[in-house]
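These notes are about the structure you will find just below.
Derivation of every value follows stated rules applied to the coordinates shown; laboratory data play no part. Predicted, not measured: the structure shown is a model, and the values here were computed from it. Every residue, glycine as well, gets a Cβ built from its backbone with ideal geometry; the counts of neighbours run over all protein chains shown.
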Amino acid sequence: GAVVSQHPSRVICKSGTSVKIECRSLDFQATTMFWYRQFPKQSLMLMATSNEGSKATYEQGVEKDKFLINHASLTLSTLTVTSAHPEDSSFYICSVHRQDLEKLFFGSGTQLSVL
Amino acid sequence: QKEVEQDPGPLSVPEGAIVSLNCTYSNSAFQYFMWYRQYSRKGPELLMYTYSSGNKEDGRFTAQVDKSSKYISLFIRDSQPSDSATYLCAMRSSNTGKLIFGQGTTLQVKP
């Protein structure tokens, strides 16, 4: 199966700063990656679909100017939380879809805490 | 109404018990059904994957899908303390990556 590496695992930052989270597909060239957000005791909510070489597709209610997604290569997608605020504190998880396996594999997640 | 409903629990059982976890859904177009296990502050790990209706067994885990009732289940036999985690059901309508998740059920297996 696909191995997905996500970095960093934990970030603590001051309000107003920007934070970049990286998601790498280690053994599979992924044209599509997905970014989810999970609040405590809540389910995973899809934020956006990251498309290699083109603009990301954002879910309704997700601010594309605040959550910048770049998918510059077939193995790397980045999510940048710009001008982070305490309400952005959450667990962010990326995933890679293996269509040949019909399965979705997740990264280990990034816990963002904005002070 | 949410597309996928899952009782968040928590569910507490003694070691060795049979655990039953369930989800209901409203979208009849869902065809792919999955169960993920998530430990605290970790990414979800795929446990079971089922296409359309039927049963699937893997070791101590059995997944059931009843599309007529829009109801899916995960059974864990001989539960172990290491099974203590949050279990998320997820489903989608086509072979794309856009999954809809349930809220997750927190399971605690006591020694």
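Over 25 Å apart at the Cα level, from the set B:LYS2/B:LYS110; A:LYS64/B:LYS70; B:LYS70/B:LYS98; B:LYS2/B:LYS67; A:LYS14/B:LYS2; B:LYS2/B:LYS70, are B:LYS2/B:LYS110; A:LYS64/B:LYS70; A:LYS14/B:LYS2.
By the Cβ rule of 4.7 Å, chain A holds the following cysteines without a possible disulfide partner: A:CYS13.
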